[in-house]
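**Q** What follows is a single structure, and I will ask about it in a moment.
The values are calculated or read from the model by the stated rules, or taken from the named source; none is laboratory data. From a predicted model like this one, the values you see are computed outputs, not experimental measurements. Cβ placement follows ideal geometry from the backbone for every residue including glycine, while neighbour counts extend to all protein chains displayed.
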């Protein structure tokens, strides 16, 4: 009887451990996705809603810069303190800065225009968003590294990868659907006379959510590393940087590979750089409608596309699958070009259904290409430095989109959304041509 009891106890302990592991994996990756969405997406909805010019909304794409270059300071997290401490502090700072943005929205005078009395407040908010970008990118580094340290077995990492993706997507829906819908709700309750005040409540809700996540992680996250009491020497830091970069650069046709990674999703990056003001301002989609079109439909389309792309690559192998996946990703930019030309009326059921369908369909197409790029990036990583090499590749993959997308607003002001989307398609052609030359490893 004693042996049976021991087995039951062991089984119960395993279930508790598994449940708690699932919990911290989900909570940390929700805390990774939410700040990214606030900085990159909610900021765009905010500036669009309060009436900022397209050029300024386009400049918000430069907020992605910290994620493009986060690998430059990633080694510091390996040599100073622990990943657990890093992520807790970063999340607390994100909570604080989000609340600062909320208070700034509260202080903006009612009726103030973006080019008038509201301008100093909005400039201050933009600067805070920029600071949040660097802190959020650091939070990403810490969480990814913490995950790898907590789950050292590759089978465990694979088993919980689905929870990572799910939690991140839920954070996207929470921000894009929940927070934006909350703005619409508060605007209706307040009567719409003050377009800034509803955003105070939304950003405050985001700040409270991040604070609770930081508090939970401070109290409950397991300790996987020993605290570091000594600061590494300059020589140790330089050595760490050198090994991470030189080993990545030591591969076949590396310049071609780097250019290909940067250009691969350039068309999609340009397209989606101004998607929010296009939907809200050009087509007249309301905040209520955008909440479910951009959040639920968009996130759902991305998940479906990524899953279909992964399934196709598994069945055919990357070398055979990357061509059709890349072609489908890029050719479907034309459905958005048609949407900009047709401009269906979102006030009608037919019109809003058409807009949602086109947006979701394009997100599926984008997901197909994302799956191909993900597998390709993993193929460029060497086993000894897989985490560092993936960080380099994933950081630079949207560099082109950040640079070109940042000027998307100026392009819109000069030639309109239709022509911007046509430019996006032509920007996608070089990556398709490079498939003839870029080295792709056989499975």
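**Q** Considering only region 307-323, I want to know if a residue exists there that is modelled with pLDDT under 90 and outside any helix (DSSP H, G or I).
**A** Scanning region 307-323 turns up at least one residue that is modelled with pLDDT under 90 and outside any helix (DSSP H, G or I).
For (1) farther than 19 Å from residue 212 by Cα; (2) assigned to a loop (DSSP other than H, G, I, E, B); (3) touching a strand residue (DSSP E or B) at 6+ places or on another chain (Cβ under 7 Å); (4) in contact (Cβ under 8 Å) with a residue 40 or more places away in the chain, each residue gets a yes or a no:
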| site | (1), (2), (3), (4) |
| --- | --- |
| 78 | yes, no, no, yes |
| 111 | yes, yes, no, yes |
| 122 | yes, no, no, yes |
| 132 | no, no, no, yes |
| 137 | yes, no, no, yes |
| 143 | no, no, no, yes |
| 173 | no, no, no, yes |
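**Q** Mind checking whether some residue in region 383-390 is more than 16 Å from residue 278 (Cβ to Cβ), part of a loop (DSSP other than H, G, I, E, B) and under 21 Å from the mean Cα position of the chain (by Cα)?
**A** no
**Q** If you go through region 164-173 one residue at a time, do you hit one that is loosely packed, with under 13 Cβ neighbours inside 10 Å, at pLDDT 90 or above and in the same structural domain as residue 99 (by TED's automatic domain parsing)?
**A** Within region 164-173, none of the residues are loosely packed, with under 13 Cβ neighbours inside 10 Å, at pLDDT 90 or above and in the same structural domain as residue 99 (by TED's automatic domain parsing).
**Q** A further question follows. Among the residues of region 89-103, is there at least one that is closer than 22 Å to residue 406 by Cβ and either surrounded by 17 or more Cβ atoms within 10 Å (Cβ to Cβ) or in contact with a helix residue (DSSP H, G or I) (Cβ under 6 Å, 6 or more places away or on another chain) (or both)?
**A** yes
**Q** Please go through region 324-348 and pick out each residue that is assigned to a helix (DSSP H, G or I) and farther than 27 Å from residue 437 by Cβ.
**A** 335, 336, 337, 338, 339, 340, 341, 342, listed by residue number.
**Q** Only one of (1) modelled with pLDDT of 95 or more; (2) within 19 Å of residue 173 (Cα to Cα) is not met by residue 97, so which one is it?
**A** (2)
**Q** When you check residue 347 against the structure, is it within 22 Å of residue 180 (Cα to Cα), over 22 Å from the mean Cα position of the chain (by Cα) and either at pLDDT 85 or above or surrounded by fewer than 17 Cβ atoms within 10 Å (Cβ to Cβ) (or both), yes or no?
**A** yes
**Q** Look through 356, 299, 342 and report the one residue that is under 20 Å from the mean Cα position of the chain (by Cα) and more than 23 Å from residue 260 (Cβ to Cβ).
**A** 299
**Q** Anything in region 105-120 that is crowded, with 17+ Cβ neighbours inside 10 Å, over 13 Å from residue 46 (Cα atoms) and in contact with a helix residue (DSSP H, G or I) (Cβ under 7 Å, 6 or more places away or on another chain)? List them, or say none.
**A** Correct list: 108 only.
**Q** Among the residues of region 188-211, how many are surrounded by fewer than 17 Cβ atoms within 10 Å (Cβ to Cβ) and outside any helix (DSSP H, G or I)?
**A** 3
**Q** Could you tell me whether residue 81 is buried (at least 16 other Cβ atoms within 10 Å of the Cβ) and closer than 20 Å to residue 40 by Cα?
**A** Here the answer is no, as residue 81 does not meet what is asked.
**Q** Also, I was wondering about something else. For region 214-236, indicate whether the set of residues that are under 18 Å from the mean Cα position of the chain (by Cα) and either part of a helix (DSSP H, G or I) or at pLDDT below 90 (or both) is non-empty.
**A** There is no residue in region 214-236 that is under 18 Å from the mean Cα position of the chain (by Cα) and either part of a helix (DSSP H, G or I) or at pLDDT below 90 (or both).
**Q** Let me ask another. Are any of the residues in region 45-64 closer than 30 Å to residue 243 by Cβ and assigned to a helix (DSSP H, G or I)?
**A** yes
Conditions tested, residue by residue: (1) over 30 Å from residue 199 (Cα atoms); (2) touching a helix residue (DSSP H, G or I) at 6+ places or on another chain (Cβ under 6 Å); (3) modelled with pLDDT of 90 or more; (4) in the same structural domain as residue 214 (by TED's automatic domain parsing).
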site: 1; (1), (2), (3), (4): yes, no, no, no
site: 28; (1), (2), (3), (4): no, yes, yes, yes
site: 48; (1), (2), (3), (4): no, yes, yes, yes
site: 66; (1), (2), (3), (4): no, yes, yes, yes
site: 72; (1), (2), (3), (4): yes, no, no, yes
site: 76; (1), (2), (3), (4): yes, no, no, yes
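**Q** Something else: Quick one: residue 371 ticks every box in (1) at pLDDT 85 or above; (2) touching a helix residue (DSSP H, G or I) at 6+ places or on another chain (Cβ under 9 Å); (3) over 22 Å from residue 404 (Cα atoms) except a single one, so which number is it?
**A** Answer for residue 371: the failing condition is (1).
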